[in-house]
Structures are given as C-alpha cells and as structure tokens.
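A.B. asks: One structure, as structure tokens, below. Some questions next.
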Amino acid sequence: MRIELNCLQKIYPESKTGLGSITAVIPPSQWVSVLGPSGCGKSTLLKLIAGLEEKTGGSIEQGFTKKEISFVFQDAALLPWKTVIENITLPLRLRGVSRSEAEREAQPWLKKLKLEKFADHFPSQLSGGLKMRVSVARALITKPKLILMDEPFAALDEPIRIELGLELRELWKALKPTIVFVTHSITEALWLSDRVMVLQGQPGQVALDRELLFGIDRPLSLRASSDFQKTVEECFQLLRSHS
Amino acid sequence: MKALWKPMIPLVVVTVLAECLTRYGVVPAFLLPAPSQVFKCIADEPAVFKKAFLETAIASMSGLGMSIVIGLFTALILSYSKLIKDMFYPYALFFQTVPIIAIAPLLVIWLGYGLPTVIASSFIVSVFPIIANSVLGLLSADRQLLALFKMMDATQPQVLFKLRLPHAMPQIIGGVQIAGGLAVIGAIVGEFISGTGLGGLVDVARNQQRVDQVFAAVLMASLLGILFFSFVSGAKKFLLKNR
C-alpha cells in the first residue's frame, strides 16, 4: 500500500503556519525521513497521514487501516501507572486480546529491544533511552504496516541515538513496514532512511526530495564516507539557506 | 507509625501548656478548660459521647458517600463535552459558595429534624471539591496519550477507563481527602439545627456554659475528620497502585 499526497495542505488560521502544498508518493516499505526547521509542518504531516489532523486542502490517499498504523512520539508517551510490559501490550489489550496472550506476544519484543530485565519496572524507573525502547516495542507489537515517528530520538544522547537507530534499521529490514520518520538530525535522516524530504518555509514546502542509494545495510562507518558527507553538506546548505 | 511522632510533639507541648495555664489560674476555666477536665468529661459520660460520635460519623459518612458518587458522576458528565461544562459548571460552583449555616433551616423545613437534614448538609458542603478536582483531572489527560489512544482506535469507554480516570485518580483522591473534612463540618452544622450528634451536643453544652463539653465534642469531631483523612490516604495508596 502506498501513500499519495496530492497538494496536501494544512494551514493553522491563527498562526498561518503548518504545511503548504505537498505532493509526494511514498511506496510500500520505504523509509522516508522528513527534515526541516521547527514550525515547517513536519509533525503536521505525520498527524495528517495518521488522521489526527484535518487537512485544509488537497488530498491524501492511503489504504492503511488504523490497526495497521503505529505512532511513536518524541517523549515516548507511556502510561506512568503501567509497567513496561503493560505499556507494550496496551495496543493488544485495547483490541480485546487477553492479558496472557498479549504478554506472550510481547516476549520477543522485550528480547529484541533489550527490555527483558525491565518488564516489571514503571516508566519513572527508566532512563530516556529505555523509555523510547518501550515506545518502539509498543509500536511494533501490532506488526504495523506503517510506522509514523515524530522525532523519536530527539531527547536522547548521541550514543543511545546511534544504538537505537541501528536496532530500528535491523527491525525495519526484518519487517519492512513503511516508515515516515521526522527528525532534526541530517545525519540520522540520511543514515537510516531510503529517501529524504526536506521541508522549508512557513507553511512548509518540499525543498528537496531525494532517494538515498546507500544500500540496504547501513553500518556506522557509512557516515564517514565521502558520498554520505556530500549529501549531508547539501542538506545542510539547503537548510541554512532557508533559515 | 514512624511519621506520627513528629506531629505528636506540638500536641503534647500545647496540651501540657494548656493544662498548666488553667491549673495555675492564668486562664480561667470557663474560657479554656484543662485538657484533663476535657478527658474527664468524656470519661464521665461515655455513652452520651459514643452515641453522638456514631450519629455524626454515620451522617458524615453518608454525606461523603453521596458526594463521591454524585460528584464523580457529575464530573464525568461535565468533562464529556466543553458545551456541557460551560452550561453547568457555574451551577456546581453554587455548592462551593452556598452559606450552609444560612440554608440549614431550609433543609429542616424540607427534610425535617433528623438524619436526612444532617446528611444533606454534609453532602452540600463536601460535594464541590470532588467535582472540581475530578473535572480538572479528567480534562488534563496528556494530549499525546489521547492522540495515542485515538491512533490505537480506542473506544470512548476505553479512553475513559484506561486513560482519563487513571490519570485523574490523584486529583480525585485529593478532592475526596478535602471533602472528608468538609463532610464532618457539614454534618456538625446540620446537627446544630437538628439537635443530634456532636453538633447537637455542642449546641446544648454551649447553652449550659459547659466549655469542657464543647471542647470534648470538638475533639471528637476532629478525630472523626482525621479518621476520614487517614482512611482515604490508605485507600489512595491502594488505588494508585492498582490503576
């Protein structure tokens, strides 16, 4: 299933900001990163795709049902009164899956995201990186076909960002969902995704839309390659020229 | 029990000081009875105080129980939509501002001299903190969590019982803690008019210039308030743990 955005627009009447006219097609299983300065409508784009916001113009076509979409927020958005395992199993429990069945489903995700030791911990007992792992596990437990991620690693320090980025890329390779990944980090966007869209202006417009041909495997060393650095520089200049 | 010794220090100091001041005639006994005289007063007429204590306890527990049930139900309705809240919340404020001492005679006309008047008085005084705190808690659920539940296709009852109510639990319990003390005050005011319970005892003692009996009744009313507060605090731990 692909996502088609045709002159998609969302303008907030009070601030006149939001998303300008965006046209793009996102094929199935593609990992698209959306870059851009604050206020250019990156998060708005995610919310429009998710159906959390009403568009003010254009159209959006995507065949995913709500059950096939997962959303990962910037600050993990965990229920503070629920344990790690209860947070991860929440989407299944809301679908009427029994507690034992949901917990059985959660076991592989606890293992994959290195959360086994923390299953009975509460969010207040976890570090920022662990909270984000829980949030990712919660997003993946329903085996979504589309994952929308709104600056998921923004609050994390660099080593944890890299570690989680590598893990997420591995999970994507295994499951092949479509991912729309909003970030402020050029390096992260280029390293993790197959395509980068740079938004500019207020309301935001697409300033650059490029496929990234760095191969399926993305070792950390890729970030030091000249091709990679050249693309980073290009994005950087583009973002700087519009800032 | 460990936490009890700190507040016990000022209590012991004030009691000893009051005992000394009255015993040595610094303060006349008709203004401030010696604490030993107050305890003697209770010991001399245990049946009278027990009966009054139980009457006030039953009335204030009933008033508080009504406040919890009706207050929570009202809060759920008020928090359901902004229109409903804007229409009816000002009327809920009425219960906060109503001078209970002024309308207590009205309650006697409507409900007669007896338990219903005392319960109604207790209810009127104690219901508002529960409504106000519950509405505040129910409406302050995290926006990201609300978006998350929407993304997970949660039904309205699921949003209420899995998110809004657990989130609001600390505020609701805070409201009940405040209401517990107010329920006793409301019951005592009602009893001034109806002539029953500790309030009735205070009224009779006041007419007879029995300051020691007034103090004894006030002491027992305070004890009742503390018992309510302690019970709710104990329930708070259980409820917050089992959200």
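A.B. asks: Criterion first (within 14 Å of chain B (Cβ to nearest Cβ) and either touching a residue at least 12 places away in the same chain (Cβ under 8 Å) or in contact with a Pro (Cβ under 7 Å, 6 or more places away or on another chain) (or both)) does residue A:92 satisfy it? Spell out how you get there, then give the answer.
C.D. replies: On the way: within 14 Å of chain B (Cβ to nearest Cβ): yes; either touching a residue at least 12 places away in the same chain (Cβ under 8 Å) or in contact with a Pro (Cβ under 7 Å, 6 or more places away or on another chain) (or both): yes.
It is true that residue A:92 is within 14 Å of chain B (Cβ to nearest Cβ) and either touching a residue at least 12 places away in the same chain (Cβ under 8 Å) or in contact with a Pro (Cβ under 7 Å, 6 or more places away or on another chain) (or both).
A.B. asks: How many of the residues in segment A:62-77 are within 8 Å of another protein chain (Cβ to nearest Cβ) and either on the phi > 0 side of the Ramachandran plot or touching a Lys or Arg at 6+ places or on another chain (Cβ under 6 Å) (or both)?
C.D. replies: Residues flagged as within 8 Å of another protein chain (Cβ to nearest Cβ) and either on the phi > 0 side of the Ramachandran plot or touching a Lys or Arg at 6+ places or on another chain (Cβ under 6 Å) (or both) within segment A:62-77 amount to 1.
A.B. asks: Only residues that are more than 14 Å from every other protein chain (Cβ to nearest Cβ) and of a type outside the set (Gly, Ala, Ser): list them for segment B:219-243, please.
C.D. replies: Kept after step one, since they are more than 14 Å from every other protein chain (Cβ to nearest Cβ), are these residues of segment B:219-243: B:219-235.
Of everything in segment B:219-243, those that are more than 14 Å from every other protein chain (Cβ to nearest Cβ) and of a type outside the set (Gly, Ala, Ser) turn out to be B:219, B:220, B:223, B:224, B:226, B:227, B:228, B:229, B:231, B:232.
A.B. asks: Can you name the condition, by its number, that residue A:184 falls short on among (1) more than 14 Å from chain B (Cβ to nearest Cβ); (2) open to solvent by less than 40 Å² (accessible area, probe 1.4 Å); (3) in contact (Cβ under 8 Å) with a residue 60 or more places away in the chain?
C.D. replies: Going through (1) more than 14 Å from chain B (Cβ to nearest Cβ); (2) open to solvent by less than 40 Å² (accessible area, probe 1.4 Å); (3) in contact (Cβ under 8 Å) with a residue 60 or more places away in the chain one by one, residue A:184 breaks only (2).
A.B. asks: Are any residues in segment A:41-61 more than 14 Å from chain B (Cβ to nearest Cβ), assigned to a loop (DSSP other than H, G, I, E, B) and either buried (at least 17 other Cβ atoms within 10 Å of the Cβ) or touching a helix residue (DSSP H, G or I) at 6+ places or on another chain (Cβ under 9 Å) (or both), and if so, which ones?
C.D. replies: If the condition is that a residue be more than 14 Å from chain B (Cβ to nearest Cβ), assigned to a loop (DSSP other than H, G, I, E, B) and either buried (at least 17 other Cβ atoms within 10 Å of the Cβ) or touching a helix residue (DSSP H, G or I) at 6+ places or on another chain (Cβ under 9 Å) (or both), then A:41, A:55 are the ones that fit.
A.B. asks: Can I ask one more? For segment A:78-89, give me the residue count where each residue is of a type in the set (A, V, I, L, M), buried (at least 23 other Cβ atoms within 10 Å of the Cβ) and within 13 Å of chain B (Cβ to nearest Cβ).
C.D. replies: 2
A.B. asks: In segment B:136-176, which residues are open to solvent by less than 30 Å² (accessible area, probe 1.4 Å) and more than 10 Å from chain A (Cβ to nearest Cβ)?
C.D. replies: The answer is B:137, B:138, B:141, B:168, B:172, B:173, B:174, B:175, B:176.
A.B. asks: So, in segment A:95-117, how many residues would count as being open to solvent by 50 Å² or more (accessible area, probe 1.4 Å), in a helix (DSSP H, G or I) and within 14 Å of chain B (Cβ to nearest Cβ)?
C.D. replies: Looking only at that region, the number is 1.
A.B. asks: State all residues of segment A:166-187 that are under 22 Å from residue A:77 (Cβ atoms), assigned to a helix (DSSP H, G or I) and out of contact with any Phe, Trp or Tyr (no Cβ under 7 Å at 6 or more places or on another chain); if no residue qualifies, say none. Steps first, answer last, please.
C.D. replies: Restricting attention to segment A:166-187, the residues satisfying the condition of being under 22 Å from residue A:77 (Cβ atoms) are A:167-168, A:171-172, A:175, A:177-185.
Narrowing further to those that are assigned to a helix (DSSP H, G or I): A:167-168, A:171-172, A:175.
Residues satisfying the conditions are A:167, A:168, A:171, A:175.
The values are calculated or read from the model by the stated rules, or taken from the named source; none is laboratory data. Worth saying up front: this structure is predicted, and the values here are computed from it rather than measured. Glycine also receives a Cβ, built like all others from the backbone with ideal geometry; neighbour counts cover every protein chain displayed. Surface accessibility is based on the protein's heavy atoms, side chains included, excluding ligands, DNA and RNA. Shrake-Rupley method; radii C 1.70, N 1.55, O 1.52, S 1.80 Å.
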